[in-house]
Structures are given as C-alpha cells and as structure tokens.
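Just below is one structure, and these are the notes that go with it.
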Amino acid sequence: MTAVVRFAPSPTGFLHIGNARTALFNWFYARHHRGRFLLRIEDTDRARSTQAAIDAILDGLTWLGIDWDGEAIYQSTRLERHAEVAHALLARGRAYRCYCTPEELSAMREQAKAKGQPPRYDGRWRDRDPSEAPAGVAPVVRLKALLSGDTVIHDRVQGEVRVGNAQLDDMVLLRGDGTPTYMLAVVVDDHDMGITQVIRGSDHLTNTFRQVQLFNAMEWTAPAYAHLPLIHGADGAKMSKRHGAIGVDAYRELGFLPEALRNYLLRLGWGHGDDEIIATEQAIAWFDLDAVVRSAARFDMDKLTALNAHYLRIADDERLAGLIAERLGETLDEAARRRLIQGLAGLKQRARTLVDLADSARIYAAGAAVPIDAKASALLDPAARTMLLELEVHLASAPSWAAADLEAAVRGFAAARNLNLGEVAQPLRAAVTGRLVSPSIFDVMVVLGRDLTLARLGAIDP
Ligand code: GLU
C-alpha cells in the first residue's frame, strides 16, 4: 500500500516551529516510503483563517524545501461532503439530532462543574423522538457514541493507548447552521484523501479517540497514528516566544538557512545514534517512525545556531552572495560580487547566521568609501593617518599583491620604524575594512586588489 500522509495546518497564524516539525516528519516519512505528502489547509473556521496566514504557511514550507504532492486541498471547499457524511450517519442510526437549547447546555456544564466533573453532554436526545422537538431550535447532529468497551489506539510513538468509551460523550458533528465541526471534517477528509498514516503533535491524542470512533461508525478503516512528542524550551518549560516559539519566517529573518532549520527540526524528537549533522538525502534514507522518541524534545537555540554555522561554511558561495546582497538591500556590481564570493571563505569561518555574514560582507561590498565604524575611527588618530600615508606609498610599490608578499612588506615597514606588526596592521585594517575585526588583513587586501586597497587608504587623509 502506498503511504499517504498529510500536513493539515489551521491558517490562523504563522507557520509555527512545532507545526513545521510536524510537516517535516510527514514529508520525510512520505519521501522515505516513496509515498505521497498531501497538504490540507484546515480553513473551516472562516472567522479566524486569513489569506495572510495561508500565504505564510505556503511560503514557510516552500522556503524549508518541503514540497507537497498535487494541489493543496482547502477544507472549506468540502463542507457539503462533510454534511453528507453526517447525514449518512443519521441514516445508519449512528447519529441523531439534538435540540438542546444553549441554556440547557450551559446548565449541564454548570452541573458537571459543581460535581467536579469534566463537562459532558448527557445524551438526552439520543433516544428521544424528534416529534418532541421544541419549535425554533435548529438541531445539531451528534454522534451516537459507544457506551461501553474501550477505544484503543496502537500509536506508532506512544504505544497502545486506550480510553473507556463511557468517558466520551456524544460529540457534535454538524452545528445548528449545518456546518461541520473540526472532528467531522478531519475524519471525512482523512478518509477521502486516502490517508494511511497520521503524524501530528501529541496535543491531538485525545481527539484521536473520537476520530477513531467516527471512522468505526462509518465502517471506514482508520489510518495508523503517530503522535509526536511535545517541544519544550531548553529549560524544560513549555515552549514560549522566549524559547524560540516563533514562526519559520522569523528564523529566516534571523539569518538561518533552511537546511540548518530542517536538520535541527529533524532532531527534535527523532534520532539516528549520535548523529547531529544529517543531510536531507541521508535523512530521507534513514527516517522512520520507530526512531521517534516519546519524551518531550527540547528546543535549543545554541544547537540550532551551531548547525547553522556548519551549513553556512559548506554552502555554495554564489548562493550565499545572493542571499547577502538581498540582506544588504543592494544590487552589487559584478566586481563587488566577485570580491564577495572570493572573500566568503574567510568570512564564513566566523559567521553564525546570515545576519553576521551580511554584516561582515560589507568590507567587500563597499567601494573606495568603506564606512568606518566608531572603534576603527578612534584608532585612526592623526599619527596613525600620517603613518598610513607613508604605508600607502610603500605598498603602492610592492612588487606583488600576494598575501605573503604583502605581509613581508608591512613587516618590513614596521621594523624600519621600530613598531611591532600590530601597531601597523591594526590601523591598516581600520582604514581598509573600516573595522577592527576582519579576516587576515593580507587576505582581505588580496581580495580587494591593489587599486581598491590603495583607494581606501588614500581616502584616510591626515
Ligand atoms: N488543523 C490542526 C492543527 O493545525 C491539525 C489537525 C490534524 O493534524 O489532524 O492543529
């Protein structure tokens, strides 16, 4: 049987990091099993679903490199089909119309609360004749749930979980206005889409019992289930914004590469020995549900950052140059782009995010007038400027522009003035890069080339 999975986000906000992991696990599962990964937008809550949220989800998935098979399915287009199934259940005697008024329902809730019990519907219309229906109440349709026995789920992650059917009340399938509830829509869609395996967060586990009852009532085969562990913050507390519970778009903005986030999310609840760095192709080959852990996963920003630094170091320089130009908000001319690509090997060693990298890349993106920061400017006092003027002349006659020769030239210049290397190289760096920290200044000068280096030096007139 071909594996068919789905990612079913409700478009009420951004693509949250937890949802991104759910999407990714489904995607890895489908790709590993050469199955299908479907996308279903659960937009039946018209008041809370927005086009902006739908776009954020589609963009987030695309950026992460998670592609879905076929067109996305919008749940809101399937309302008639959902209602049809509710009516089929009525016809089978597995559902009934309930004419309770809102007052009755709230009285029921109050009573349960007074007894310290969870609110539940008492089934009062289960066997009542509809001829007794009060006038003017639009009935809801409820499932006639089983009163005895257990509902059992053999969850691929959580193991066997069961609930006594007596615990589950007769849930609403169709509201008074004829619209389906979430429970009904999910089951009908999972069935119609031929889903074989549901993979979702363990916050959905309690829904699953009700959903399985609904599958059984329709005599449909329920999919297999796998409920993923929760994601906690690094301190073990419930994940909040402070812990990194932000949208995928925010990670992008913070300068993370999609492959780093993908690798990181994969490790949140799934493992392969001690492997930390797992390329996507490798993950597809290895991924299955057996290695998903049951205990909560901890989101660790430092680990994500370390992975990002790794992926930056191995990323293609042409691609990085494009991403950096985007961040700098400039179209680089061809010479600047070439400098940047050539200089990236040095810059990458220090960068942890694209934000760092773009900032350090300014030393190559700029022309003769490189911006001088406050620290560099403080170092460039009149004495330093006078010395740099002499150094400029000295370098202008350097026989070659190779790093080793430039270093020898600067060392010779320093020795002749009884200065140590740093006393010359630091002002030189300040003038040429506008900063006090950069890759080796001689390497930087090679990338900049003779003309641009001398032009920057010349721009620092005493
Ligand atoms: N729409 C639900 C959510 O965003 C997921 C439903 C499901 O995976 O079954 O939480």
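Points worth noting:
- Of everything listed in (1) at pLDDT 95 or above; (2) crowded, with 16+ Cβ neighbours inside 10 Å; (3) on the phi < 0 side of the Ramachandran plot, the single unmet condition for I231 is (1).
- Scanning the stretch 149-158 for any residue that is within 12 Å of the ligand (Cβ to nearest atom) and in contact (Cβ under 8 Å) with a residue 40 or more places away in the chain turns up nothing.
- Of all residues in the stretch 83-94, one or more are assigned to a loop (DSSP other than H, G, I, E, B), surrounded by 12 or more Cβ atoms within 10 Å (Cβ to Cβ) and touching a helix residue (DSSP H, G or I) at 6+ places or on another chain (Cβ under 8 Å).
- Among the residues of the stretch 21-56, the ones that are surrounded by 21 or more Cβ atoms within 10 Å (Cβ to Cβ), away from the ligand (no atom under 12 Å from the Cβ) and under 15 Å from the mean Cα position of the chain (by Cα) come to 4 in all.
This table checks each residue for (1) over 28 Å from the mean Cα position of the chain (by Cα); (2) β-branched (V, I, T).
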residue	(1), (2)
G176	yes, no
V187	no, yes
V198	no, yes
G201	no, no
L205	no, no
V212	yes, yes
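- Counted residues, the stretch 177-197 - those being of a type outside the set (S, T, N, Q), over 30 Å from G136 (Cβ atoms) and either crowded, with 20+ Cβ neighbours inside 10 Å or within 12 Å of the ligand (Cβ to nearest atom) (or both): 6
- Condition check for L146: of a type in the set (A, V, I, L, M), away from the ligand (no atom under 16 Å from the Cβ), buried (at least 17 other Cβ atoms within 10 Å of the Cβ) and closer than 22 Å to L90 by Cβ: no
- Criterion: out of contact with any Pro (no Cβ under 7 Å at 6 or more places or on another chain), within 11 Å of the ligand (Cβ to nearest atom) and modelled with pLDDT of 95 or more - qualifying residue of R200, R210: R200
- Scanning the stretch 1-12 for residues that are within 11 Å of the ligand (Cβ to nearest atom) and either out of contact with any Lys or Arg (no Cβ under 9 Å at 6 or more places or on another chain) or of a type in the set (K, R) (or both) returns a single hit, R6.
- Complete set of residues in the stretch 260-280 that are crowded, with 17+ Cβ neighbours inside 10 Å, farther than 16 Å from G65 by Cα and among the aliphatic types (A, V, I, L, M): L268
- Residues that are of a type in the set (A, V, I, L, M) and farther than 22 Å from R78 by Cβ within the stretch 31-60 comprise A52, A56, listed in sequence order.
- Inside the stretch 1-40, residues that are in contact with a Leu (Cβ under 9 Å, 6 or more places away or on another chain) and either at pLDDT below 95 or of a type in the set (D, E, K, R) (or both) make up a count of 5.
- Checking R313 against (1) out of contact with any Lys or Arg (no Cβ under 9 Å at 6 or more places or on another chain); (2) among the basic types (K, R); (3) loosely packed, with under 15 Cβ neighbours inside 10 Å, the condition it does not meet: (1)
Rundown of residues vs (1) in contact (Cβ under 8 Å) with a residue 40 or more places away in the chain; (2) aliphatic (A, V, I, L, M); (3) on the phi > 0 side of the Ramachandran plot; (4) in a helix (DSSP H, G or I), yes/no style:
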site	(1), (2), (3), (4)
E80	no, no, no, yes
R126	yes, no, no, no
V141	yes, yes, no, no
G178	yes, no, yes, no
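- Within the stretch 382-402, residues that are closer than 15 Å to R456 by Cβ reach partners that are hydroxyl-bearing (S, T, Y) with beta carbons closer than 8 Å, at six or more positions or on different chains, in the pairs L395/T453.
- Residues in the stretch 45-68 that are out of contact with any Leu (no Cβ under 6 Å at 6 or more places or on another chain) and farther than 20 Å from R252 by Cα: D45, R46, A47, R48, S49, T50, Q51.
- T386 satisfies every condition listed in (1) part of a helix (DSSP H, G or I); (2) touching a helix residue (DSSP H, G or I) at 6+ places or on another chain (Cβ under 8 Å); (3) of a type outside the set (A, V, I, L, M) except (2).
- Close Cβ contacts (under 6 Å, 6 or more residues apart or on different chains) running from residues in the stretch 199-227 that are within 26 Å of A20 (Cβ to Cβ) to residues that are away from the ligand (no atom under 11 Å from the Cβ) and of a type in the set (S, T, N, Q) comprise P223/T196; P223/Q197; A224/Q197; H227/Q158; H227/S202.
- Of all the listed residues (A336, A358), the sole one being out of contact with any Pro (no Cβ under 6 Å at 6 or more places or on another chain), in contact (Cβ under 8 Å) with a residue 40 or more places away in the chain, of a type outside the set (D, E) and part of a helix (DSSP H, G or I) is A358.
- Condition check for A222 on (1) more than 24 Å from A309 (Cβ to Cβ); (2) under 20 Å from the mean Cα position of the chain (by Cα): one failure, at (2).
- Given (1) farther than 21 Å from T179 by Cβ; (2) surrounded by fewer than 11 Cβ atoms within 10 Å (Cβ to Cβ); (3) of a type in the set (D, E, K, R), index of the condition D122 fails: (2)
- Yes/no for L257 being crowded, with 19+ Cβ neighbours inside 10 Å and among the hydrophobic types (A, V, I, L, M, F, W, C): yes
The values are calculated or read from the model by the stated rules, or taken from the named source; none is laboratory data. Keep in mind that this is a model prediction, so the values were computed, not measured. In this analysis, Cβ positions are derived from the backbone assuming ideal geometry, glycine residues included, and neighbour counts consider all displayed protein chains.
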